[in-house]
């Protein structure tokens, strides 16, 4: 049986990847940070699922900001594959805590790579990249050859992680690969991310448990997929004979306003828009303002458009997304409605 070590297992991607690997008969070890409150809600139910047991799924305390814990875990577990999904992953927050973001998102992967380099075992390494590395896009759509132009401390840190992964691959002949994943969502998405925030708020508004949703740039365009599809791509990247870098995306783009419309259609909630710019507001059928823009939700530097070209992944990995955005929205809405009850 193969052994996988996942940094960031308690996050959205980590929880889906753990389930996927367990179904593939892996022994899965996950790393979580010590916290004063429980932070394992996304993975607690794995212990009672039919494909899992306590022998093939284990959690460990650790942190990518602590090189000693990384080296200790790698030496103790002896993994065949390491997936680094750990990060301070919120773009807006990265402007508030840029130093911590750099420590976790840039130097964190370096610490793992250094431990792998010094290990006696052959270990395959996956680094989670992001479309935010493209930032102020130099071409549309973006692929593996598109130049990076990050517009946030998060994006900058991820560019470093991307290049240090390539550097260690070439300098030390490591199997170290990058996945440049465009936006991917799910019911397990964190509550501070815009898609989750929109779905959660509109479901509550529909059921009269919330009055208004506050947002920033309604016209930012993103390439949205489902996390379930994207963790399959991560695994496929590490099954290749040669390490390489891949863009993972749907190739379809929607604005924040488009996403709102899809959620409203699912909820049978009619919205009429009035005003322009930051004064644009959404009103329900009774004339109540339920969506409003606030300056504080705009980023210091906006990323207006992201659209991925994943032809390389389709050709080499034989990967393509199974979910479209309507199925994604439907699943997220149904989850939130159940959560209300």
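The values are calculated or read from the model by the stated rules, or taken from the named source; none is laboratory data. Because the structure is predicted, anything quoted here is derived from the model rather than measured. In this analysis, Cβ positions are derived from the backbone assuming ideal geometry, glycine residues included, and neighbour counts consider all displayed protein chains.
For the range 184-300, give me every one of the strands (runs of 3 or more DSSP E) that falls completely inside it and has 3 or more residues that are touching a helix residue (DSSP H, G or I) at 6+ places or on another chain (Cβ under 9 Å). Steps first, please.
Details: elements: 213-215, 245-248, 272-274, 281-283, 289-293.
Correct list: 213-215, 245-248, 289-293.
The residues of the range 149-168 that are in a helix (DSSP H, G or I), farther than 13 Å from residue 103 by Cα and more than 16 Å from the chain's Cα centre (by Cα), listed by number, are 163, 164, 165, 166, 167, 168. Taken across the range 232-247, residues that are crowded, with 18+ Cβ neighbours inside 10 Å and over 20 Å from the mean Cα position of the chain (by Cα) do occur, with at least one present. Out of 330, 322, 338, 315, one residue alone is in a helix (DSSP H, G or I) and touching a residue at least 60 places away in the same chain (Cβ under 8 Å). It is 330. Considering (1) surrounded by 22 or more Cβ atoms within 10 Å (Cβ to Cβ); (2) modelled with pLDDT of 95 or more, the lone condition that residue 25 does not fulfil carries the number (1). Sub-7 Å Cβ pairs linking a first residue in the range 166-177 that is surrounded by 21 or more Cβ atoms within 10 Å (Cβ to Cβ) to a second residue that is in a helix (DSSP H, G or I) and modelled with pLDDT of 95 or more, at least 6 apart or interchain, are 168/113; 168/117; 176/113; 176/165; 176/168; 176/169; 177/237; 177/238, ordered by first then second residue.
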